[in-house]
Structure formats: C-alpha cells, structure tokens
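The values are calculated or read from the model by the stated rules, or taken from the named source; none is laboratory data. This structure is a prediction, so every number in the text was calculated from the model and none was measured. Neighbour counts are summed over all protein chains in view; Cβ atoms, including those assigned to glycine, are modelled from backbone coordinates with ideal geometry.
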Amino acid sequence: MKYPKLLEPLDLGFTTIKNRSIMGSMHTGLEEMEGGFERMAAYFAERAANGIGMIITGGIFPNAESSRGGATMSNDEEAAKHRLVTDAVHAADPDVKICMQILHPGPLAGTKDAVAPSAVRSRIGYYVPTALDAEGIQKQIGDHVRCAVMAQKAGYDGVEIIGSAGYLISTFLVEKTNLRDDEYGGSYENRMRFALEIVEQTRAAVGPNFILIFRIAAMDMLDGGMSWEEIVKLAQRLEQAGVSIISTHFTWHESAVPTIATMVPRAAFTGVTGRLRKHVNVPMITSNRINMPDVAEAVLARGDADLVSMARPLLADSEFMRKTIEGREDEINTCIACNQACLDHTFTGQLTSCLVNPRACHETQLNYLPVATAKKVAVVGAGPAGLAYATTAAQRGHQVTIFEAANEIGGQFNLAKRVPGKEEFYETIRYFNRMIEVNKIDLKLGVKADAQMLKDGEFDQIIISTGITPRVPEIPGIDHPSVVGYIDVIQGKKPVGKRVAVMGAGGIGFDVCELITHSGPSGALDRDVFAAEWGVDFENHPRGGVTGVEPRVAASDREVFLLQRKDSKVGAGLGKTTGWTHRITLSRRGVKMMNAVEYVKIDDAGLHVLIGGQPDLLEVDTIIICAGQEPKRELYDELVAMGLSAELIGGAYEAAELDAKAAIKQASYLAAAA
C-alpha cells in the first residue's frame, strides 16, 4: 500500500474513522441560501462517496447574537433541515463520519449584538462587542450545548467546537482580549474555564458515543498571544473534560502572518501539532497547506498528527481520496491555495467555489454528462480557459484537438509559476497534461492554427482561446529602450536595471515586483525562509509564536516604484485574504507604492509623471509595462469573415483583467452544455 498511514483506520473506541483523511471545515454560503441544504447535501455526499474518512461542516452558529443572519442550530426545525445533509452523506457511504462545526464568532460576529468576554474590539471587527455578564456567560455555554444536542438529533456523528481564530471562545483564553476580574478572567485557570465548561457540559449532554472535537489555536500568531505552556495545559484539560479529538488551528484572523496563502510552505505548521501531540493521549488533527497525498502521508509518518485535515483540496477535487486510494495521484486537481474563489468569496459574502474546479458547491448545477452525439471540436489555445474547455468536452465524449502555438501548455499559468510563492501553478499544468492523456485529446504543440487550417479540418465546433495581448499605453517615449513588457521580464528575456518603475498595480504588477525584488529561495518552498520573512519562531514558540520576533526580509538590491493611476489604495483590487500579504512583503522590501500617478513622458532621464497633479521625475533605468491587456481576436475575426462559426472564451473573450477564475468557470459551463 502506497499510503499506509493515510489509509489506516482510526479507532476512537466507540466508533472508527475509516482512514486518516478529513475534509476540514469551510463555510460555503450554501448554509444560508434558499435551497442551500439540498445543494450542501450533494456537495458533501460527493466527497463522501469518493473515500474521505470524515467531514466537518462549515461553521453553524449557536444563537442569534452570533449569527449575523447566518445559519443557526438551536431548535428541532433547524435540525430537520440538516437531516438532508447527514442522510445524504451516510447514504453515499455509511462509514463516513460527518461532524458539524459550532462557531460563535464573538467579536467578529459583524452585528451590533456581538458579545465577548470584554468590550475589546477586534482589529478586523465591525463593532465593539458587549462584555458578557455572569448570566450572559451561562447563556452562551448553554447555547453551545443545545447546539450540539440539536446536531446529534440532526444525525451528525459529532461536533467540532471552534476555540480559535479570534472567535468567542479564543477571546476568553487570551489575556489581551479578556480583561475580566471574575472567575472567567485574570489567571489562566480562570480564562480556560469558559472553554472547559462548554466541553464538559456538552459531553454530559450528548453522551459518550458522540465525536466531540475541540479546535485549539496551537499557535495564534498574535503578539502577546497564548504561550506554549498555556496551549499544552489547555489541551490536557480538554482531554480530561471529555473531547474525543483535538484539532489544531494556526492564527487568528486578525494576525499579520499568512497561514493559508500559496506563499506558505506545504505542511508548514504540522510540526507544532506534532509537538503538542506528545502531551496528550487523544488523537490530534493537523491542517494548513496539505494538498497532496504524499504530503499527508509524510505528516502522519513523522508523527505530527493522527488525522490530516484538507478543506480546500477537497474543493479542488472531490475525488481526491478516490484517486489516492487507486494510485492515480497524478490525476488529482491540486489546490493551489490561491483563495480567489473560496476564502475570498467566503469573506466577502459570496458563494464559495474553486478556481480550478468551478463545480465545487455547484454540484446540482454543473455536471459533465456523457454526450448523445460526439462532435469534432477544435480548441485554439492551451491556456487555462482552453484547457478547461478541452478536457471537459473530451471527458463528456467529444473528439477534441488542441492547437497551441507554444511548445507547452499553460498559457499565463506559465508566467505565474515563475513568480516566487506561486510554484503551485506547476501542479495545475501537471493536472491538465495528465487530463489530456486520460481523455485522449489530440494535442498539437508548436502549431499556430490559422483560419484555413480550421476550415479544412471540418470541425463541428471551434473554440477560440487565444488569450491576450498586453496593452501598451499611449505615452510619449513608450518605445524608449528602457521600456520592457512584463512577459519578457517574467520569462527572463529582457534585463532589468537597478532603478525600476512598474506601470500598473494590478495582480501582474505585484507579481513582477515580487519577482524582481526577491532573492534567495522561495518562502513557499522553505519553511525557514518563510518563518524568517514573517517573524515566526517555530522552535522556541514565544507567545503566539511571534512575540518579540522581528521579520527578516532579504533586502532587494533594486529601488522599485509600483505605480497606479487610480487614487485608491495601491493593491485595493487584490484578493481579500491574500492582498495584504503582498502589500506587506513589498513594503518590507522597500518598494515605493504610489497612487494617483499620471504618466507624462519617457526619455533618457527616466519617467516623467504627475503625482497628485505635481510634476516629478523618476530617475529609473527600466520601466516595466503592466498596464492591462487586450483580447487577442484576430483568428476569430478571420473565421467570422470566412463564414465559420466560432466561440470566444477566456482572455480572448474578456481581458479587462487577467482572471483565471472567470476563464475556467466560463469554459467549464460552455463545455458542459456543448
């Protein structure tokens, strides 16, 4: 057996988890939408049918003051809705366990009714929470217990109580957010009391044969956060209180350390779980950036955990565990930790999905059914959109030929993979290469298709996915030798000087700045580099893992100006969960981010600009153009002129911003209907 640790059952005494894989908790938005429980049932059941050991749902709120209008579990009527989910999962595989996460956001509730141990506003909170009085504390404990009992009635195999992330329970544990002087504040013994009483009373209410998981902040990434001794003590007391499993979480949402972005090394935090595991006797779950079976197996083999939680990887590929069990790892559609369609959606109130798998959370709407009549299909361009269309159409039974002028597939992903911290894009290209083989697609690399070739091929359907052409702004001197395009820079085809202006502060502008200011190994590939860059001490574990640790960023030997025409904050359009990390990184490297810039001219002296209406000269030797894109539609226009029918997808269809999420989604829906 290739993955003996990952596929080994785990005996909890009263029940068995069939293997060591968990689909971790992720709020999707299905919980609140009309018809959402039916869709959630299909979403979870598909993962259950494909070999996952245990599922933990997105957070469900125990009462109105925690919910911000979200899904609550507090009565029989609400429990009945969840029966759709639990019945569907158990019908898909009776051996799969499903647990409901109980989440009380506390000061992060986003409602004026938010409560907390003390009236301390979170750095990312909307309101100052109301400090709970003694009666209020007992109500919150009781509501957690009732929520667990309702989950048991709803057919769940267990619950996970989240005591991390800056949510209610965790704010009792940390001294800076718990200013109380009663029995629930002051000493650490008192600060633990709220969490322990919830667990003790929940265990008493649900009985011994119900999975009770507590999610602990094993390293909260907060200045002045929990000490290692406090974390160990809490874990040991939770074990005594009756938990079945302890799940380790890393960071509060307000922390300034990334833990889930693609720049984070794989399995970067599992060693913390492994160290804590030595102090308790109950099984432990670890998580974060574990996205392939070999990574999971290595984590378990090292003794870092008993169970491995993978949330986003199960969004990216519902068959993750089936492919693992059958030895088809090269067919896994790997999570690249981009967050663009999952967590960015979650934290902006949109329905969750996945950039590389738009079927995620849309299982009742987007299905790739076998075709009644196979068509002969030509796809021109093997970028993300073309690859998504071609592989989906071929999977359905169409006869597909891909024409790609370059000598490799991937399109813009071949640029992204060169950017330090975005190495995961290699995985997506690997996946599509394998899908081309599996689905017997005729791939013609190094072939620039023309209209006559496509006409002579007598294709039933022609898909144009020819991508984009970088936009060149109309500025006097734009043809100056100091001016280079971002593609040439990323591909290393043009030299870059020591004083650089980057024109355009969208995603590509930030990527270019990351590339030209980076030195040494990528933090995404080296945990020590990552820890140094973000000020994390994994070895000594000071309070929060970060207290007193200064980030050590390798200085750039370039002076770089990142310029934006808009007067909004530079990088405001970047993803909510990752944009701040890019801004911090570049700022620490000395990149000067400037908005409200008007370009006047380029000459031997440099780049002449107006900044806030005032003239200035940036004495730079290289100017990199990242000023947007135009759709590349020449071939499409030729086909139309010849009277042939063709369809535009991806950047060729819409290139206002390079958006692989939109391109893959559009292509997948079109191919599903072809």
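Which count do you get for residues in segment 463-493 that are of a type in the set (D, E) and either assigned to a loop (DSSP other than H, G, I, E, B) or farther than 22 Å from G381 by Cα (or both)?
Number of matching residues: 2.
Exactly one residue out of V299, V308, V356, V272 is touching a residue at least 60 places away in the same chain (Cβ under 8 Å), in contact with a helix residue (DSSP H, G or I) (Cβ under 9 Å, 6 or more places away or on another chain), part of a helix (DSSP H, G or I) and under 22 Å from T259 (Cβ atoms): that is V272. Applying a threshold of 7 Å to beta carbon distances and a minimum spacing of six or more residues, or different chains, the list of pairs starting in segment 365-381 at a residue that is more than 15 Å from E458 (Cβ to Cβ) and ending at one that is among the basic types (K, R) and in a loop (DSSP other than H, G, I, E, B) reads L366/R359.
Taking the conditions exactly as written (in contact (Cβ under 8 Å) with a residue 12 or more places away in the chain, within 30 Å of L648 (Cβ to Cβ) and among the basic types (K, R)), does R565 satisfy them or not? For R565, the condition - in contact (Cβ under 8 Å) with a residue 12 or more places away in the chain, within 30 Å of L648 (Cβ to Cβ) and among the basic types (K, R) - is met. Only one entry in R527, R552, R543 is over 26 Å from L610 (Cβ atoms) and at pLDDT below 95, namely R552. Can you spot a residue in segment 138-147 that is of a type in the set (S, T, N, Q), surrounded by fewer than 17 Cβ atoms within 10 Å (Cβ to Cβ) and modelled with pLDDT of 95 or more? Yes; the residues of segment 138-147 include at least one that is of a type in the set (S, T, N, Q), surrounded by fewer than 17 Cβ atoms within 10 Å (Cβ to Cβ) and modelled with pLDDT of 95 or more. H253 meets each of the listed conditions (1) over 22 Å from S309 (Cβ atoms); (2) in contact (Cβ under 8 Å) with a residue 12 or more places away in the chain apart from (1). Hey, does segment 639-647 have a residue that's surrounded by 19 or more Cβ atoms within 10 Å (Cβ to Cβ) and touching a Cys at 6+ places or on another chain (Cβ under 9 Å)? No - not one qualifying residue is present in segment 639-647. Looking across segment 62-71, the residues that are of a type in the set (S, T, N, Q) and either part of a loop (DSSP other than H, G, I, E, B) or at pLDDT 95 or above (or both) come down to N63, S67.
Go through (1) loosely packed, with under 15 Cβ neighbours inside 10 Å; (2) on the phi > 0 side of the Ramachandran plot one by one and return the number of the condition G535 breaks. Condition not satisfied by G535: (1).
When you scan segment 494-507, do you find a residue that is in contact with a Gly (Cβ under 9 Å, 6 or more places away or on another chain), touching a residue at least 24 places away in the same chain (Cβ under 8 Å), over 29 Å from E408 (Cα atoms) and not in a helix (DSSP H, G or I), even just one? Yes - at least one qualifying residue is present in segment 494-507. Which is out of contact with any strand residue (DSSP E or B) (no Cβ under 9 Å at 6 or more places or on another chain) and on the phi > 0 side of the Ramachandran plot, of G579, G643? Just one listed residue meets the conditions, G643.
Could you list, in sequence order, the residues of segment 582-628 that are touching a helix residue (DSSP H, G or I) at 6+ places or on another chain (Cβ under 9 Å), more than 30 Å from W534 (Cβ to Cβ) and modelled with pLDDT of 95 or more? Residue satisfying the conditions is I625 alone. Exactly one residue out of G386, G397 is out of contact with any Lys or Arg (no Cβ under 8 Å at 6 or more places or on another chain) and surrounded by fewer than 18 Cβ atoms within 10 Å (Cβ to Cβ), and it is G397. Taking the listed residues M1, M54, M26, the one that is under 24 Å from D294 (Cα atoms) and surrounded by fewer than 16 Cβ atoms within 10 Å (Cβ to Cβ) is M1, with no other qualifying. Against the condition crowded, with 20+ Cβ neighbours inside 10 Å, among the β-branched types (V, I, T) and under 30 Å from L315 (Cα atoms), how does I625 come out, does it pass? Taking the combined requirement at face value, the residue does not satisfy it.
Going by what's in this entry, would I429 be described as within 22 Å of E630 (Cα to Cα), surrounded by 20 or more Cβ atoms within 10 Å (Cβ to Cβ) and either modelled with pLDDT under 95 or in contact with a Phe, Trp or Tyr (Cβ under 9 Å, 6 or more places away or on another chain) (or both)? No: the conditions fail for I429. Reported count of residues in segment 437-462, each being among the charged types (D, E, K, R) and not in a loop (DSSP other than H, G, I, E, B), is 5. Of the strands (runs of 3 or more DSSP E) lying entirely inside segment 584-651, those carrying at least 1 residues that are touching a residue at least 12 places away in the same chain (Cβ under 8 Å) and farther than 17 Å from D567 by Cα are 597-603, 606-611, 614-618, 622-625, 629-631. Once segment 29-51 is narrowed to residues that are among the aromatic types (F, W, Y) and without any contact (Cβ under 8 Å) to a residue 60 or more places away in the chain, the residue that is surrounded by the most Cβ atoms within 10 Å (Cβ to Cβ) is F44. The set of residues in segment 519-559 being within 15 Å of I584 (Cβ to Cβ), of a type outside the set (V, I, T) and in contact with a Ser or Thr (Cβ under 8 Å, 6 or more places away or on another chain) consists of E533, A554, S556. D304: among the charged types (D, E, K, R), in contact with a strand residue (DSSP E or B) (Cβ under 6 Å, 6 or more places away or on another chain) and over 30 Å from A572 (Cα atoms), yes or no? For D304, the condition - among the charged types (D, E, K, R), in contact with a strand residue (DSSP E or B) (Cβ under 6 Å, 6 or more places away or on another chain) and over 30 Å from A572 (Cα atoms) - is met.
Scanning segment 360-383 for residues that are polar (S, T, N, Q) and under 30 Å from A311 (Cβ atoms), which turns out surrounded by the most Cβ atoms within 10 Å (Cβ to Cβ)?
Only one residue tops the list, namely T364.
Can you pull out every residue in segment 285-296 that is surrounded by 21 or more Cβ atoms within 10 Å (Cβ to Cβ) and without any contact (Cβ under 8 Å) to a residue 40 or more places away in the chain?
T286, N288, I290 - these are the residues of segment 285-296 that are surrounded by 21 or more Cβ atoms within 10 Å (Cβ to Cβ) and without any contact (Cβ under 8 Å) to a residue 40 or more places away in the chain.
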